[in-house]
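The values are calculated or read from the model by the stated rules, or taken from the named source; none is laboratory data. Note that the coordinates shown come from a computational prediction; the quantities given were computed from them, not determined experimentally. FYI the Cβ positions are ideal-geometry reconstructions off the backbone, even for glycines, and counts take in every protein chain you see.
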C-alpha cells in the first residue's frame, strides 16, 4: 500500500485488489446481499484511491480497507433506514463455487444457519476473527474497545453453539 500511496501507480493498486479484494467482498456479502456487497466494495476501493495519501503504516492495509468497507456499508444502511433491521433480518450467504461441496455436510449447514441468526455485531466480530484479524484490529475496524470485542466474541461463540445444536436437531 505504501508504494501505491506514494506513487499512485495503478499496477500497485491492482496488486492490492488482487490480494485482498475478494476478502473484502466476502466480508461484505456476509452482512448484506451480493449486489450491495459489490457496490460497497467498489465504493470502498474508490475511497482507497481518494485517500491513498492518508494511509499510515501503523496498522495493516487489510484492516484499514475493512474499516472503510464497514463504515461505507453502515452508512448505506443508515441512508436507507435499514440499519435497525440489520440485527434481526436473516441474510443470505453466497459462497465460492469451489467451497460449495464443503457446505453439503449437515454440520456445516447447521453452522451456517446458526451464524446467520447471530446479532450483527456478534457475527461481525466472529467473521473478522475468522478472516484472521487480531482483537486490536477488530476493535479498530469496528470502532470498539478490545474488551467489547472479547465480550461480543464470547457471546457469539456461546450462542452459536446453542444455535448449532438447535439446527442439528431440526435435521435429525
Legend entry - Neighbours by Cβ (under 7 Å, 6+ apart or cross-chain): first from region 150-164, in contact (Cβ under 8 Å) with a residue 40 or more places away in the chain; second surrounded by 17 or more Cβ atoms within 10 Å (Cβ to Cβ) and outside any helix (DSSP H, G or I): 159/118; 160/118
Inset, instruction - Among the numbered conditions (1) exposed (fewer than 15 other Cβ atoms within 10 Å of the Cβ); (2) closer than 23 Å to residue 29 by Cβ, tell me where residue 160 comes up short. - result: (1)
Inset, instruction - Could you check residue 60 against (1) closer than 19 Å to residue 127 by Cα; (2) at pLDDT 80 or above and say which number it fails? - result: (2)
